[in-house]
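Nothing in this text is a laboratory measurement; each read-out follows from the coordinates by a stated rule. Small disclaimer: the values here were computed from a predicted structure and weren't measured. Neighbour counts are summed over all protein chains in view; Cβ atoms, including those assigned to glycine, are modelled from backbone coordinates with ideal geometry.
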Amino acid sequence: MYIRESPREASGCMRCDLRLLVAALGVVWGSAACDAASDTTLQCLVCHETVTPGVFHDWTASRHAKRALAEVLAEPEPSRRFGRLSATDVPESLRAASVGCAECHTLNPEKHADTFDHNGFKVHTVVTPDDCATCHPVEREEYARNLMSHAKTNLEANPVYHSLADAANGPQRLEGGRLVQDRPSAMTEADSCFACHGTTVGVEGTRSRNTELGEMDFPVLTGWPNQGVGRVNPDGSAGACTACHTRHRFSMAVARQPYTCSQCHQGPDVPAYKVYMASKHGNLYASHGNTDDYDALPWVPGRHISTPTCAVCHASMLSSPDGRVLSERTHAYSDRLPWRLMGLPYAHAHPKSPDTTIIRNQAGLPLATELTGEPASEFLIGPEEQAVRLGRMRQVCLNCHAGGWVGGHFAKLDHAIETTNQSTLTATQLLLQAWDSGLANGLAAGASVFDDEIERMWVEHWLFYANSTRLAAAMAGADYGVFADGRWQLSRNIEAMHQWVDRRQRPTGGQ
Amino acid sequence: MYIRESPREASGCMRCDLRLLVAALGVVWGSAACDAASDTTLQCLVCHETVTPGVFHDWTASRHAKRALAEVLAEPEPSRRFGRLSATDVPESLRAASVGCAECHTLNPEKHADTFDHNGFKVHTVVTPDDCATCHPVEREEYARNLMSHAKTNLEANPVYHSLADAANGPQRLEGGRLVQDRPSAMTEADSCFACHGTTVGVEGTRSRNTELGEMDFPVLTGWPNQGVGRVNPDGSAGACTACHTRHRFSMAVARQPYTCSQCHQGPDVPAYKVYMASKHGNLYASHGNTDDYDALPWVPGRHISTPTCAVCHASMLSSPDGRVLSERTHAYSDRLPWRLMGLPYAHAHPKSPDTTIIRNQAGLPLATELTGEPASEFLIGPEEQAVRLGRMRQVCLNCHAGGWVGGHFAKLDHAIETTNQSTLTATQLLLQAWDSGLANGLAAGASVFDDEIERMWVEHWLFYANSTRLAAAMAGADYGVFADGRWQLSRNIEAMHQWVDRRQRPTGGQ
Amino acid sequence: MYIRESPREASGCMRCDLRLLVAALGVVWGSAACDAASDTTLQCLVCHETVTPGVFHDWTASRHAKRALAEVLAEPEPSRRFGRLSATDVPESLRAASVGCAECHTLNPEKHADTFDHNGFKVHTVVTPDDCATCHPVEREEYARNLMSHAKTNLEANPVYHSLADAANGPQRLEGGRLVQDRPSAMTEADSCFACHGTTVGVEGTRSRNTELGEMDFPVLTGWPNQGVGRVNPDGSAGACTACHTRHRFSMAVARQPYTCSQCHQGPDVPAYKVYMASKHGNLYASHGNTDDYDALPWVPGRHISTPTCAVCHASMLSSPDGRVLSERTHAYSDRLPWRLMGLPYAHAHPKSPDTTIIRNQAGLPLATELTGEPASEFLIGPEEQAVRLGRMRQVCLNCHAGGWVGGHFAKLDHAIETTNQSTLTATQLLLQAWDSGLANGLAAGASVFDDEIERMWVEHWLFYANSTRLAAAMAGADYGVFADGRWQLSRNIEAMHQWVDRRQRPTGGQ
């Protein structure tokens, strides 16, 4: 079952020995966590219970640690509460024990460039979606359709997007009075955009390290640590399930609460969490969410939860009190999204493929719209698919709201998309004027379109203010879309861009 | 008791039938919620328990659902815990049952333009303060004295205020190199300022909609959904009790926690929630508020709550351990406020009337002060009334603080009002200079005073920075008033306004 | 034991009388709180239970109120759970009773300028670190080594720092077209920077006040109320233990939760709390921190806490399950900090002494680096001490993370320090250019270096953006360091500063 290079003792005895050893360490184990663990995992725990107690305790609190998989699979679905874990998926070899250290960290060793020899076991540090897919193939497949799983490659391989990241992160220096911006280092990228988008985790040889338990060899990982959603892993897979299902508790209740999403979705570019917390939904979550049940499966609106979280609207399976599925679970969050609200620079219908590097607009740029806003339609879903996705989202709303309410809500969102796109068009016209007048070096000059002052004002227009305004409309946190980072900022910025261009175009420079 | 157009079965039998129907749907009801509901409400629930389970479950968790009103009224006040609900107020016709769907949504049908025929009942969508006043007349009367109940009309009918909203929300376009800002659409207004201030909810005919239970007719509401505090309702009343007492749990515990207020009071124009969360009070609320009791009545400082929330200081009745009332409950929050800190553009004594459209300063503008800060005194409360209101607020502080502490605190607030008003005066002088020099089109030109670049800098001066600084002083969240959005921003903005005007006034344009 | 001027009744009888009096007031006391209190404290409580019920209830919930100190000291350490309270420290005279009002507010009366006669007792309002040191001498000594205990004097006595505070807080007025900024009043300072840094609390005579219990005399305190960390107290001591150990519960659980630190550490100058809440650590704290135990002693990672808070990493004693101390408790938070991330203007190795007024760079300025970034090394800890402190911090991380993870994390922090310092150097070069060209009045002119527009842009560069970026790297809240207030703002600000200088240097003023 596990890759192990030293001869193996008789299982029964070893378990006793290990247990005694653990007892000798003066530690009281949760019996369930101990009883169901495999022999190999027990050997991991003997040391790691002491050297990384936080990891150990998190794991003992997880569902993974509770019971042997065979026991779980023998129970009927509602009581085992393991979502879509199915008897056909779980390999025979993993069924005898619970899911412990060894079950994940020794899977697929030959595929893992980060596999190393650790006390006689072939262990790898970075557990990946391909590892998780051993038992959770449906989730892995869904997630591969999620934009997020491409977050790293989409940002890296799209020259326009990458150039925006460079304008943010690149070091600047003065060279003979001119300001020069260099490309950011890989480490700066890993510490900024790619912290959320995901790094490429590579292996650069081995280093010996003095540990609590003596000198040991470990692989030297680059781009590590990182739990970005589109991380490229040492086994070639993309994504990090642990971005949301935090190691080593892998708690569904954590993933279902808004704080998980807030790690990457509260900045001014995508302030979904802040908008949520300014909405009635967020108010109720904060006020009495602590009496809701974020661990239930099936999950019944009203019975288990009194207000939606991010997961409720975008991901989770929702059921009726009598067990019917009202909303299907999905790890491809665009399944319920007709629009891509996050405009670069305009909001538009959702892309068909999570790989957005394939998109080209009429001008040949890798953008989903023209600079004037017209959509690159062949790469985007059409009205019919939009209606299907809106229907899925409406189904969630209808648990608590009448049809008229829901219709009125989405009419406001449609209108906000239209008006903010219009505002971005005006901002873009001012930018084009600056480029035409030679006040900034833009597309025609082959220069970055994001680094001059007027270009940065334009970036903030759509990236911060238009996006925030649309999110405020989408999530009923209207107050956020007024003065926090919304319509006031949109109109003020247009005025400031206009002044910037206007003053520089006047011959006298006065006023 | 209810408006119903089809013949009515014998109550006893119908209840059995309904209960069987409910059982047939496979649903386990909370018995209390079932037992106390009226026959009409039971008929609503038969469908709505399934089609809007979130609404159903919220209602079952509410006090409204617990018992028949007659039972409640028969108990002595402390145990029934229903605040000021009194036997003289509750109509005879409503006493036999609990307060369910029908009790609110079929009240006063003739007054409601949104009344429609729904399965034989005359139902209206929008429950209003006039509906709630059926049982809660004192609260309704208090709230009518609250600025908030006029939030919609004050903003709409005051040309200066409305012009600020237009400058924020109006779409901008380039017309021959000039920047033109149009008036915002009604839908944009509903999705921005009026989301909190309240829309006018109107009825535009009827639309047929395909529901889970077949084709049905519903009124088409404009300005809907909206729960703004000053909403103008289809029965002509103003306000939305549900802004704070969220449907359909109407939980006092929610209204008493700061998240409810934060929905409209965390933006940079009025960051009360953010200041609170930066204060010692907010720290204690976040640290051990979960062990406090936000549902108690009477509410005893120390016993039930260890730190104030918004409601404690501004609204709630507070009692001593032996039952004396220390602070009277009020839904007119200015009852405890000597000052209106939110300056437009200066802070000033609180207006006498919640209808601020009647105010005129010496210059004839609908503002509570001159542009130079002198108060329009005849419309504002005088020093004596200010002392009375400060006394009420001090009474709350004194539950936990000695007189010297409280005195020192309010001395700092008075000083902050004075210094921030002084800073606004300097900013205003710079604006007047810009107007005089023709650098912006202001009052004299009959133009908006909020749309030019220098005007927008001036708006942010008082609307964001001066207001925030005063709130930080008022609520002991001093840190917020330094670098977050406070004194640093005030002084930096004056410097920036000065540079803006100065550079444009120089003949050469250099420097 | 206590200073008391009227004759003292026999203790037994007086206790009975007091208890009857309390009963007559209709109040049910927690028996423990009553039983263990000293006679003098009982006399305080007779009134203060009624006049300041919040204070009374907070105290009854405190460890101070639970038992007589003699009882506590008789128990073995783990069960008494009183940290480092030791039998050798606690004076004999205080052992018979619990710690109540009198035990603290009548200590060291001769040292307290704020001592006054209060119903026959010599009472002082402001309890100070020197008072607390009576039982907690180790904590007091540690805290004296903490930068925070010097926060008031360092800010006040360092002319550069103070001049920054003046630029933020000073009132500005127009004088013949020129903008003049005056020094802020003491009250404005107390309401801004010194709210966190601490005021000097002085005594200015006595005032008679009408209280609930009649006319009484109280000292008039200046700089009051204030709980700033470096407060200078009426007994000459520095600091306020109550800044974190909030009166009158003095709850360790409150001090260990992040909200306490957030009172002074969430503004843009030092957004530690916001970065934390954007990190995985903050996510877990918010998601399941409510099931963690913030009151345990010893405190065992994994067993009691599933994620770190500010206190875990910077202050608290952490223990292994078998009782070994993994991390020593410290109230000198720099014990675990190799770097001072908060640059003024550059980040640098931590100062040796908490008194930073003694620092002089080569240019003679009271700054820890030159204006070009070179450290004033003789005043800063060297690489060896840095390694020791990093080792202490790493020890905390290793409870949950492997060595490779921790190493990768701190490599990113080192890189962020380097790149943000480099960015600050570029900003400083632009400032020097402005000074050289006479576009702003700087060092050479003997003027404030923080008040001109370009200077304020420079201030925000290091105070807001560079600091935030470093904190985001240090605390694994990378998203905060991109668009929230991080690298985007750094690069945009350099661009804006460059434009500011460039345009003003052009002869024609065009462009």
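Could you give me D for segment C:73-133, from Stokes-Einstein at 37 °C and 0.692 mPa s, where the hydrodynamic radius is the Kirkwood radius over C-alpha pairs? Units µm² s⁻¹, please.
Rounded to a whole number, D works out at 250 µm²/s.
Which net charge results for the neighbourhood of A:Gln433, defined as the other residues with beta-carbon distances under 15 angstrom from its beta-carbon, given Lys and Arg at +1 and Asp and Glu at -1?
Neighbourhood net charge equals -2.
Please express the Cα-Cα pair-distance distribution P(r) of the protein assembly as shown as a list of whole percents, one per 10 Å bin, running from 0 to the bin with the greatest distance.
1, 7, 15, 20, 21, 19, 12, 5, 1, 0
Run the Debye formula on the Cα coordinates of segment C:121-243, all scatterers equal and no solvent, and tell me log10 I(q)/I(0) at q = 0.10 1/Å.
-0.41
Quick one: what do you get for segment A:337-421 if you divide its Cα Rg by 2.2 N^0.38 Å?
That works out to 1.19 for segment A:337-421.
Please state the charge dipole magnitude for segment A:352-472, taken about the Cα centre, from unit charges on C-beta atoms (+1 on K and R, -1 on D and E), reported in debye and rounded to the nearest 20.
620 debye
Roughly how compact is segment B:356-511, stated as its Cα Rg over 2.2 N^0.38 Å to two decimals?
Normalised Cα radius of gyration, segment B:356-511: 1.24.
Based only on Cα atoms, what Rg/Rh ratio does chain A have, Rh being taken as Kirkwood's radius?
Using Cα coordinates only, the ratio equals 1.02.
How many nanometers, to one decimal and shortest first, lie between the label point of A:Ala157 and those of its other copies, if labels sit 7 Å from Cα toward Cβ?
Label-point distances to the other copies, shortest first: 6.2, 6.2 nm.
Could you check the spin-label model distance between B:Ala387 and B:Arg173? Points 7 Å from the Cα along Cα→Cβ, value in nm.
About 6.0 nm separates the two model spin labels.
Restrict the search to segment A:353-394; then list the GluC sites (Glu not before Pro) that DSSP places in a loop and that have at most 16 other Cβ atoms within 10 Å of their Cβ.
Those satisfying the criteria are A:Glu370.
Say a label goes 7 Å from Cα toward Cβ at C:Ser86 in every copy; what distances in nm does this one have to the rest, shortest first?
Values, ascending and in nm: 6.5, 6.5.
Can you give the average number of partner chain beta-carbon atoms within 10 Å of each beta-carbon in peptide A:273-285, as a whole number?
Across the residues of A:273-285, the mean count of other-chain Cβ atoms within 10 Å is 4.
Would you work out the charge dipole size for the protein assembly as shown about its Cα centre, treating the Cβ of every Lys and Arg as +1 and the Cβ of every Asp and Glu as -1, and quote it to the nearest 20 debye?
Dipole size: approximately 860 debye.
Highest mean first, what order results for A:458-470, C:194-206 on Cβ atoms within 10 Å?
A:458-470, C:194-206
Using only the Cα atoms, work out Rg/Rh for segment A:180-326, with Rh taken as the Kirkwood radius, to two decimals.
Radius of gyration over Kirkwood radius for segment A:180-326 works out to 1.10.
Please quote Rg/Rh for segment B:153-192 to two decimal places, taking the Kirkwood radius as Rh and restricting both calculations to Cα atoms.
1.05
Hey, got the average number of other protein chain Cβ atoms within 10 angstrom for residues in C:313-322?
2
Step through the residues of segment B:411-419 one at a time and calculate ³J(HN,Hα) from phi using the Karplus curve (6.51 cos²θ - 1.76 cosθ + 1.60, θ = phi - 60°), rounding each to whole Hz and writing x for Gly and Pro.
5, 5, 5, 4, 5, 5, 4, 5, 6
Only four residue types carry charge here, +1 at the Cβ of Lys and Arg and -1 at the Cβ of Asp and Glu. Report the dipole size of segment A:145-254 about the Cα centre in Debye, rounded to the nearest 20.
Computed about the Cα centre, the dipole is about 340 debye.
Using +1 at the Cβ of each Lys and Arg and -1 at the Cβ of each Asp and Glu in the protein assembly as shown, identify which of C:Trp435, C:Val325, B:Ala427 lies farthest towards the dipole's positive end.
C:Val325
Take every DSSP beta bridge whose two residues both sit in chain C, then give the antiparallel share in percent to the nearest 5.
For chain C, the DSSP antiparallel bridge percentage is about 90.
Between A:Asp295 and A:Ser86, what FRET efficiency comes out of the Förster formula 1/(1 + (r/R0)^6) with R0 = 25 Å and r the beta carbon distance, rounded to 0.05?
Working from the Cβ atoms, E equals 0.75.
Between C:Glu204 and B:Thr357, with labels modelled 7 Å along Cα→Cβ, what's the label distance in nm to one decimal, could you check?
4.7 nm
When DSSP beta bridges are limited to those with both residues in the protein assembly as shown, what percentage is antiparallel, rounded to the nearest 5?
That works out to approximately 90 percent antiparallel.
If you take the beta carbon distance between A:Glu77 and A:Ala157 as r and set R0 to 45 Å, what does 1/(1 + (r/R0)^6) give as a FRET efficiency, to the nearest 0.05?
FRET efficiency, A:Glu77 to A:Ala157: 0.65.
P(r) of segment B:249-331 in 5 Å steps, Cα pairs, percent per bin?
Distribution as computed: 3, 15, 25, 25, 19, 9, 3, 1, 0 percent.
I'd like the mean, over residues of A:494-504, of how many other protein chain beta carbons sit within 10 Å of each residue's own Cβ.
Counting Cβ atoms of other protein chains within 10 Å of each residue's Cβ and averaging gives 5.
At 222 nm, what helix-only mean residue ellipticity would the protein assembly as shown give, in deg cm²/dmol to the nearest 500, using -39500 (n - 2.57) for each DSSP H run of four or more?
The helix-only estimate for the protein assembly as shown comes to -11500 deg cm²/dmol at 222 nm.
Taking +1 at the Cβ of each Lys and Arg and -1 at the Cβ of each Asp and Glu, which of A:Gln266, B:Thr260, A:Pro171 sits farthest along the dipole of the protein assembly as shown towards its positive end, judged by Cα position relative to the Cα centre?
Of A:Gln266, B:Thr260, A:Pro171, it is B:Thr260.
So, how do all the Cα-to-Cα distances of segment A:177-243 break down into 10 Å bins, in percent, from 0 on up?
Percent of Cα pairs in each bin: 20, 36, 28, 12, 4, 1.
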